[in-house]
Amino acid sequence: MAKLKYGMVGGGPGALIGNAHRRAIALDNTAELAAGVFSRTQEKTMAMGAELGIAPERCYKDYAEMAEKEASREDGIDFVVIVTPNHTHYEIAKAFLEAGIHVACDKPLTTDAAKAEELKEIADARGLLFMVTYTYTGYVAMKLMRGLIRQGEIGVIRTVMAEYPQGWLYDENNSGGKQGEWRCDPARSGRVNCLGDLGTHVENAVATVTGLKIKRVLAKMDVVVPGRRLDDNDQILVEYEGGATGINWTSQFAIGCDNSLRLRIYGSKGTLLWFQENPEEVTLIREDGIPNIIKRGYSAVPPEAARYGRLPSGHPEGWLESMANLYDSFGMCIDAKKAGDFERGMIDYPTLEEGIAGLKYVEACLESNEKGNVWVSL
(Lines give C-alpha, C1' and ligand atoms only; values in the text may rest on other atoms or scores of the structure.)
Protein backbone atom coordinates (compact mmCIF):
# COMPACT_ATOMS: atom_id res chain seq x y z
CA MET A 1 0.00 0.00 0.00
CA ALA A 2 1.08 3.61 -0.56
CA LYS A 3 2.34 5.49 2.46
CA LEU A 4 -0.53 6.92 4.51
CA LYS A 5 -0.91 10.66 5.05
CA TYR A 6 -1.92 12.16 8.36
CA GLY A 7 -2.64 15.55 9.85
CA MET A 8 -2.19 16.85 13.38
CA VAL A 9 -4.17 19.21 15.56
CA GLY A 10 -2.00 20.54 18.37
CA GLY A 11 1.64 19.68 18.85
CA GLY A 12 3.02 23.16 18.28
CA PRO A 13 6.34 24.65 19.43
CA GLY A 14 7.58 23.02 22.64
CA ALA A 15 4.75 20.46 22.79
CA LEU A 16 6.04 17.22 24.29
CA ILE A 17 3.18 14.91 23.30
CA GLY A 18 2.75 16.15 19.74
CA ASN A 19 6.44 15.69 19.04
CA ALA A 20 6.33 12.22 20.58
CA HIS A 21 3.45 11.18 18.31
CA ARG A 22 5.29 12.43 15.23
CA ARG A 23 8.43 10.55 16.17
CA ALA A 24 6.52 7.36 16.98
CA ILE A 25 4.67 7.41 13.65
CA ALA A 26 7.97 7.99 11.83
CA LEU A 27 9.60 4.90 13.34
CA ASP A 28 8.05 2.52 10.81
CA ASN A 29 7.85 5.04 7.96
CA THR A 30 4.29 3.98 7.12
CA ALA A 31 2.72 7.45 7.33
CA GLU A 32 3.85 11.00 6.65
CA LEU A 33 2.67 14.28 8.12
CA ALA A 34 0.92 16.28 5.40
CA ALA A 35 -1.28 18.86 7.15
CA GLY A 36 -1.88 20.51 10.47
CA VAL A 37 -3.19 23.11 12.84
CA PHE A 38 -0.35 23.20 15.34
CA SER A 39 -1.35 26.24 17.37
CA ARG A 40 -4.27 28.55 18.11
CA THR A 41 -2.44 31.28 16.19
CA GLN A 42 -1.91 31.12 12.43
CA GLU A 43 1.58 32.57 12.75
CA LYS A 44 2.76 29.76 15.03
CA THR A 45 1.06 27.13 12.90
CA MET A 46 2.81 28.41 9.78
CA ALA A 47 6.17 28.52 11.56
CA MET A 48 5.73 24.98 12.88
CA GLY A 49 4.57 23.77 9.48
CA ALA A 50 7.67 25.23 7.84
CA GLU A 51 9.86 23.52 10.43
CA LEU A 52 8.14 20.20 9.71
CA GLY A 53 8.19 20.61 5.94
CA ILE A 54 4.43 21.01 5.49
CA ALA A 55 3.15 22.89 2.43
CA PRO A 56 1.87 26.35 3.49
CA GLU A 57 -1.56 25.77 1.94
CA ARG A 58 -2.01 22.75 4.23
CA CYS A 59 -1.25 24.70 7.41
CA TYR A 60 -4.76 25.73 8.38
CA LYS A 61 -6.21 28.46 10.59
CA ASP A 62 -8.38 26.03 12.58
CA TYR A 63 -9.46 22.38 12.76
CA ALA A 64 -12.82 22.99 11.05
CA GLU A 65 -11.14 24.40 7.95
CA MET A 66 -8.63 21.57 7.99
CA ALA A 67 -11.29 18.87 8.19
CA GLU A 68 -13.34 20.39 5.38
CA LYS A 69 -10.46 21.06 2.99
CA GLU A 70 -8.57 17.83 3.59
CA ALA A 71 -11.74 15.81 3.03
CA SER A 72 -12.19 17.49 -0.37
CA ARG A 73 -8.62 16.89 -1.57
CA GLU A 74 -7.84 13.93 -3.79
CA ASP A 75 -4.61 13.53 -1.81
CA GLY A 76 -6.21 14.39 1.55
CA ILE A 77 -5.10 12.92 4.86
CA ASP A 78 -6.08 9.37 5.81
CA PHE A 79 -6.23 10.12 9.53
CA VAL A 80 -5.83 12.95 12.02
CA VAL A 81 -3.91 12.93 15.31
CA ILE A 82 -5.43 15.06 18.10
CA VAL A 83 -2.95 16.16 20.78
CA THR A 84 -4.73 19.11 22.40
CA PRO A 85 -6.05 19.72 25.95
CA ASN A 86 -8.91 17.48 27.07
CA HIS A 87 -11.79 19.94 26.70
CA THR A 88 -11.16 20.31 22.94
CA HIS A 89 -11.09 16.63 21.98
CA TYR A 90 -14.81 16.17 21.38
CA GLU A 91 -15.39 19.02 18.91
CA ILE A 92 -12.19 18.33 16.98
CA ALA A 93 -12.80 14.58 16.71
CA LYS A 94 -16.42 15.16 15.72
CA ALA A 95 -15.41 17.52 12.91
CA PHE A 96 -13.02 15.01 11.36
CA LEU A 97 -15.37 12.06 11.76
CA GLU A 98 -18.14 14.01 10.06
CA ALA A 99 -15.68 14.78 7.26
CA GLY A 100 -15.06 11.04 6.82
CA ILE A 101 -11.53 10.98 8.27
CA HIS A 102 -10.17 8.34 10.69
CA VAL A 103 -9.09 9.66 14.10
CA ALA A 104 -6.34 9.03 16.64
CA CYS A 105 -6.86 10.98 19.87
CA ASP A 106 -4.90 11.33 23.06
CA LYS A 107 -6.58 10.25 26.27
CA PRO A 108 -8.85 10.92 28.05
CA LEU A 109 -11.09 10.75 25.03
CA THR A 110 -13.39 13.62 26.12
CA THR A 111 -14.37 15.23 29.42
CA ASP A 112 -17.52 13.11 29.81
CA ALA A 113 -18.77 9.72 28.70
CA ALA A 114 -21.92 11.00 26.97
CA LYS A 115 -19.86 12.97 24.44
CA ALA A 116 -17.61 9.97 23.89
CA GLU A 117 -20.69 7.84 23.16
CA GLU A 118 -21.71 10.41 20.54
CA LEU A 119 -18.34 10.06 18.83
CA LYS A 120 -18.77 6.29 18.76
CA GLU A 121 -22.19 6.64 17.11
CA ILE A 122 -20.72 8.85 14.38
CA ALA A 123 -17.70 6.60 13.81
CA ASP A 124 -19.83 3.46 13.67
CA ALA A 125 -22.35 5.03 11.30
CA ARG A 126 -19.59 6.11 8.91
CA GLY A 127 -17.45 3.00 9.24
CA LEU A 128 -14.47 4.97 10.54
CA LEU A 129 -11.61 3.82 12.75
CA PHE A 130 -10.80 5.61 16.00
CA MET A 131 -7.77 5.00 18.19
CA VAL A 132 -7.30 6.32 21.73
CA THR A 133 -3.59 6.47 22.48
CA TYR A 134 -3.22 4.58 25.73
CA THR A 135 0.46 4.24 24.92
CA TYR A 136 1.50 1.63 27.48
CA THR A 137 -0.67 -1.08 25.96
CA GLY A 138 1.71 -1.08 22.99
CA TYR A 139 4.57 -2.59 24.95
CA VAL A 140 5.57 -6.14 23.99
CA ALA A 141 5.50 -6.96 27.72
CA MET A 142 1.86 -5.88 28.02
CA LYS A 143 0.88 -8.09 25.11
CA LEU A 144 2.91 -10.93 26.63
CA MET A 145 1.08 -10.66 29.96
CA ARG A 146 -2.27 -10.53 28.20
CA GLY A 147 -1.41 -13.79 26.42
CA LEU A 148 -0.17 -15.51 29.58
CA ILE A 149 -3.40 -14.68 31.40
CA ARG A 150 -5.55 -15.85 28.51
CA GLN A 151 -3.61 -19.13 28.50
CA GLY A 152 -4.34 -19.64 32.22
CA GLU A 153 -0.73 -19.35 33.38
CA ILE A 154 -1.70 -17.69 36.68
CA GLY A 155 -5.14 -19.27 37.03
CA VAL A 156 -8.14 -17.24 38.14
CA ILE A 157 -7.25 -13.65 38.96
CA ARG A 158 -7.92 -12.85 42.60
CA THR A 159 -6.62 -9.32 43.04
CA VAL A 160 -4.78 -6.61 41.11
CA MET A 161 -2.59 -3.92 42.65
CA ALA A 162 -1.99 -1.13 40.15
CA GLU A 163 -0.29 2.20 40.66
CA TYR A 164 0.97 5.15 38.67
CA PRO A 165 2.71 7.74 40.84
CA GLN A 166 4.64 10.74 39.53
CA GLY A 167 6.34 13.54 41.43
CA TRP A 168 6.48 16.41 38.97
CA LEU A 169 3.67 18.52 40.52
CA TYR A 170 4.74 18.29 44.17
CA ASP A 171 5.74 21.97 44.48
CA GLU A 172 2.98 24.49 45.17
CA ASN A 173 5.20 27.21 43.67
CA ASN A 174 5.70 25.35 40.39
CA SER A 175 2.73 24.53 38.18
CA GLY A 176 4.70 22.21 35.91
CA GLY A 177 4.98 24.60 32.97
CA LYS A 178 2.68 24.47 29.95
CA GLN A 179 1.90 20.76 30.42
CA GLY A 180 1.00 21.13 34.08
CA GLU A 181 -0.94 24.37 33.79
CA TRP A 182 -3.72 23.04 31.57
CA ARG A 183 -3.94 19.74 33.43
CA CYS A 184 -4.55 21.61 36.69
CA ASP A 185 -7.11 23.95 35.11
CA PRO A 186 -10.75 22.76 35.39
CA ALA A 187 -11.68 24.80 32.30
CA ARG A 188 -9.29 22.78 30.14
CA SER A 189 -8.86 19.48 31.99
CA GLY A 190 -12.45 18.89 33.06
CA ARG A 191 -13.47 17.74 36.52
CA VAL A 192 -10.31 15.75 37.18
CA ASN A 193 -6.56 16.11 36.85
CA CYS A 194 -4.61 13.15 38.25
CA LEU A 195 -7.36 10.60 37.67
CA GLY A 196 -7.86 11.70 34.07
CA ASP A 197 -4.16 11.97 33.29
CA LEU A 198 -2.84 8.89 35.11
CA GLY A 199 -5.85 6.99 36.45
CA THR A 200 -7.27 6.33 33.00
CA HIS A 201 -3.95 4.71 32.05
CA VAL A 202 -4.20 2.46 35.12
CA GLU A 203 -7.77 1.45 34.35
CA ASN A 204 -6.92 0.73 30.72
CA ALA A 205 -3.71 -1.17 31.50
CA VAL A 206 -5.49 -3.50 33.91
CA ALA A 207 -8.45 -4.02 31.58
CA THR A 208 -6.23 -4.69 28.56
CA VAL A 209 -3.95 -7.18 30.28
CA THR A 210 -6.48 -9.03 32.46
CA GLY A 211 -9.73 -8.71 30.53
CA LEU A 212 -11.48 -7.90 33.83
CA LYS A 213 -14.51 -5.62 33.80
CA ILE A 214 -15.16 -3.26 36.71
CA LYS A 215 -18.35 -3.88 38.67
CA ARG A 216 -18.05 -1.03 41.19
CA VAL A 217 -15.57 1.41 42.74
CA LEU A 218 -14.99 3.24 46.00
CA ALA A 219 -12.88 6.35 45.52
CA LYS A 220 -10.98 8.80 47.69
CA MET A 221 -9.79 11.68 45.52
CA ASP A 222 -7.68 14.27 47.30
CA VAL A 223 -6.45 17.77 46.51
CA VAL A 224 -3.28 17.92 48.59
CA VAL A 225 -0.81 20.46 47.19
CA PRO A 226 -1.80 23.97 48.33
CA GLY A 227 -3.34 26.12 45.62
CA ARG A 228 -4.51 23.23 43.43
CA ARG A 229 -8.15 22.91 42.42
CA LEU A 230 -8.26 19.39 41.02
CA ASP A 231 -7.25 16.02 42.42
CA ASP A 232 -3.56 15.22 42.69
CA ASN A 233 -3.79 11.93 44.64
CA ASP A 234 -6.37 9.17 44.09
CA GLN A 235 -6.92 5.89 45.91
CA ILE A 236 -9.56 3.64 44.37
CA LEU A 237 -10.91 0.34 45.65
CA VAL A 238 -12.15 -1.77 42.75
CA GLU A 239 -14.45 -4.79 42.59
CA TYR A 240 -14.53 -6.67 39.29
CA GLU A 241 -17.21 -8.84 37.77
CA GLY A 242 -16.54 -12.41 38.84
CA GLY A 243 -15.26 -11.49 42.30
CA ALA A 244 -11.70 -10.24 41.78
CA THR A 245 -10.70 -7.09 43.66
CA GLY A 246 -8.12 -4.37 43.19
CA ILE A 247 -6.55 -1.17 44.44
CA ASN A 248 -5.57 1.64 42.03
CA TRP A 249 -3.31 4.45 43.26
CA THR A 250 -2.26 7.51 41.28
CA SER A 251 -0.38 10.57 42.49
CA GLN A 252 1.39 13.63 41.11
CA PHE A 253 3.34 14.65 44.21
CA ALA A 254 5.21 11.40 44.94
CA ILE A 255 8.76 12.75 45.07
CA GLY A 256 11.20 10.25 43.60
CA CYS A 257 8.65 8.75 41.21
CA ASP A 258 9.09 9.62 37.56
CA ASN A 259 6.69 7.60 35.43
CA SER A 260 6.09 4.70 37.76
CA LEU A 261 3.22 2.70 36.30
CA ARG A 262 3.30 -0.73 37.94
CA LEU A 263 1.07 -3.83 37.77
CA ARG A 264 0.91 -6.68 40.28
CA ILE A 265 -1.57 -9.37 39.24
CA TYR A 266 -2.22 -12.21 41.68
CA GLY A 267 -4.00 -15.37 40.55
CA SER A 268 -4.91 -18.78 41.95
CA LYS A 269 -1.85 -20.39 40.30
CA GLY A 270 0.65 -17.58 40.04
CA THR A 271 1.61 -13.92 39.87
CA LEU A 272 2.62 -11.45 37.17
CA LEU A 273 4.69 -8.34 37.91
CA TRP A 274 5.59 -5.47 35.55
CA PHE A 275 7.12 -2.00 36.00
CA GLN A 276 6.93 0.59 33.22
CA GLU A 277 10.36 2.05 33.98
CA ASN A 278 11.80 -1.41 33.26
CA PRO A 279 9.38 -2.33 30.47
CA GLU A 280 11.46 -5.05 28.81
CA GLU A 281 10.83 -7.58 31.57
CA VAL A 282 7.82 -9.48 32.94
CA THR A 283 8.17 -11.51 36.12
CA LEU A 284 6.08 -14.69 36.24
CA ILE A 285 5.94 -16.49 39.58
CA ARG A 286 4.25 -19.90 39.57
CA GLU A 287 3.16 -22.01 42.53
CA ASP A 288 6.73 -23.03 43.35
CA GLY A 289 7.46 -19.42 44.25
CA ILE A 290 10.44 -19.11 41.90
CA PRO A 291 10.52 -15.84 39.93
CA ASN A 292 10.85 -16.38 36.18
CA ILE A 293 11.96 -13.27 34.32
CA ILE A 294 10.81 -13.16 30.70
CA LYS A 295 12.61 -10.59 28.54
CA ARG A 296 11.54 -9.10 25.26
CA GLY A 297 13.63 -10.41 22.40
CA TYR A 298 13.82 -14.03 23.57
CA SER A 299 12.01 -17.09 22.27
CA ALA A 300 9.93 -17.32 25.45
CA VAL A 301 7.86 -14.43 24.08
CA PRO A 302 5.20 -15.88 21.75
CA PRO A 303 4.92 -14.60 18.15
CA GLU A 304 1.73 -12.59 18.70
CA ALA A 305 3.62 -10.38 21.18
CA ALA A 306 7.13 -10.72 19.76
CA ARG A 307 6.09 -9.35 16.36
CA TYR A 308 5.94 -5.87 17.88
CA GLY A 309 9.61 -5.94 18.82
CA ARG A 310 12.10 -4.15 16.56
CA LEU A 311 15.51 -4.89 18.06
CA PRO A 312 17.43 -7.91 19.38
CA SER A 313 17.44 -8.58 23.13
CA GLY A 314 19.66 -6.26 25.12
CA HIS A 315 18.83 -3.27 22.91
CA PRO A 316 16.12 -1.62 25.03
CA GLU A 317 12.86 -0.54 23.47
CA GLY A 318 10.72 1.99 25.29
CA TRP A 319 7.83 4.38 25.28
CA LEU A 320 8.19 5.69 21.73
CA GLU A 321 8.32 2.15 20.36
CA SER A 322 5.23 1.32 22.40
CA MET A 323 3.33 4.22 20.85
CA ALA A 324 4.66 3.25 17.42
CA ASN A 325 3.19 -0.23 17.92
CA LEU A 326 -0.27 1.29 18.34
CA TYR A 327 0.15 3.27 15.14
CA ASP A 328 1.43 0.14 13.40
CA SER A 329 -1.84 -1.67 14.08
CA PHE A 330 -3.92 1.44 13.39
CA GLY A 331 -2.22 2.03 10.04
CA MET A 332 -2.58 -1.61 9.05
CA CYS A 333 -6.32 -1.39 9.73
CA ILE A 334 -6.65 1.83 7.70
CA ASP A 335 -4.83 0.13 4.81
CA ALA A 336 -7.22 -2.80 5.09
CA LYS A 337 -10.18 -0.41 5.03
CA LYS A 338 -8.86 1.15 1.84
CA ALA A 339 -8.33 -2.27 0.28
CA GLY A 340 -11.79 -3.47 1.30
CA ASP A 341 -10.63 -6.43 3.38
CA PHE A 342 -10.81 -5.03 6.92
CA GLU A 343 -11.99 -7.28 9.77
CA ARG A 344 -12.54 -6.26 13.41
CA GLY A 345 -10.18 -8.98 14.56
CA MET A 346 -7.27 -7.03 13.02
CA ILE A 347 -7.56 -4.33 15.68
CA ASP A 348 -4.81 -4.44 18.30
CA TYR A 349 -4.98 -0.89 19.61
CA PRO A 350 -7.24 0.93 22.12
CA THR A 351 -10.54 1.88 20.51
CA LEU A 352 -13.46 4.14 21.36
CA GLU A 353 -14.81 1.38 23.59
CA GLU A 354 -11.70 1.59 25.77
CA GLY A 355 -11.90 5.38 25.78
CA ILE A 356 -15.52 5.27 26.91
CA ALA A 357 -14.71 2.72 29.61
CA GLY A 358 -12.06 5.04 31.00
CA LEU A 359 -14.49 7.95 31.20
CA LYS A 360 -17.16 5.85 32.90
CA TYR A 361 -14.51 4.81 35.43
CA VAL A 362 -13.65 8.48 36.07
CA GLU A 363 -17.30 9.47 36.44
CA ALA A 364 -18.02 6.63 38.86
CA CYS A 365 -14.99 7.62 40.95
CA LEU A 366 -16.13 11.25 41.02
CA GLU A 367 -19.61 10.20 42.17
CA SER A 368 -18.13 7.94 44.86
CA ASN A 369 -15.87 10.69 46.17
CA GLU A 370 -18.59 13.36 46.12
CA LYS A 371 -20.99 11.11 48.05
CA GLY A 372 -18.49 10.57 50.86
CA ASN A 373 -16.41 7.64 49.53
CA VAL A 374 -19.15 5.10 48.92
CA TRP A 375 -19.39 2.19 46.50
CA VAL A 376 -20.69 3.19 43.05
CA SER A 377 -21.59 0.69 40.33
CA LEU A 378 -20.48 1.15 36.73
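Please state the shape class of region 1-114: rounded when a/c is under 1.5, otherwise prolate if a/b exceeds b/c and oblate if not, all from the C-alpha gyration tensor. Rounded shape, in that the Cα axes give a/c under 1.5. Ordering 352-365, 189-202 by mean Cβ neighbour count within 10 Å, with the highest value first, yields 189-202, 352-365. For region 159-174, putting each phi into the Karplus relation 6.51 cos²θ - 1.76 cosθ + 1.60 with θ = phi - 60° gives couplings of 8, 10, 10, 10, 9, 8, x, 10, x, 5, 10, 6, 9, 5, 9, 9 Hz, in residue order, rounded to whole numbers and with x for Gly and Pro. Length gained on full extension, residue 336 to residue 150: 64.3 nm, using 0.36 nm per residue less the C-alpha separation. In terms of packing, defined here as the mean over residues of other Cβ atoms within 10 angstrom, the peptides 231-242, 257-268 line up highest first as 231-242, 257-268.
For region 281-378, the solvent-accessible area works out to 51 Å² per residue, with a probe of 1.4 Å and every protein chain left in place. Here residue 124 and residue 50 are evaluated by their C-beta separation; at R0 = 35 Å the FRET efficiency comes out at 0.40.
Applying 1/(1 + (r/R0)^6) with r as the Cβ-Cβ distance of residue 23 and residue 378 and R0 = 41 angstrom yields a FRET efficiency of 0.70. The gain in end-to-end length when the residue 98 to residue 298 segment is fully stretched comes to 67.5 nm, 0.36 nm per residue minus the alpha carbon separation. With respect to the chain, whose longest principal axis is taken over its alpha-carbon atoms, helix 63-72 is tilted by about 70°.
Per atom type, the chain shows carbon and sulfur on 50% of its accessible surface, probed at 1.4 Å.
Each label point was placed 7 Å from the Cα along the Cα-to-Cβ direction; for residue 268 and residue 223 their separation is 4.5 nm. Taking all protein chains into account, the per residue accessible area for region 143-206 stands at 39 Å² (1.4 Å probe). Taking packing as the residue-averaged number of other Cβ atoms within 10 angstrom, the listed peptides 338-346, 163-171 run from highest to lowest as 163-171, 338-346. For the listed residue pairs 61/338; 5/178; 178/337; 215/295; 120/360, the alpha carbons are over 26 angstrom apart in 61/338; 5/178; 178/337; 215/295.
The values are calculated or read from the model by the stated rules, or taken from the named source; none is laboratory data. As the structure is a computational prediction, the values presented were derived from the model and not from experiment. Counting neighbours? That spans all protein chains shown, and the Cβs are built from the backbone with ideal geometry, glycine included. When the accessible area is computed, the model is the full protein with side chains, heavy atoms only, and any ligands, DNA or RNA have been set aside. Shrake-Rupley method; radii C 1.70, N 1.55, O 1.52, S 1.80 Å.
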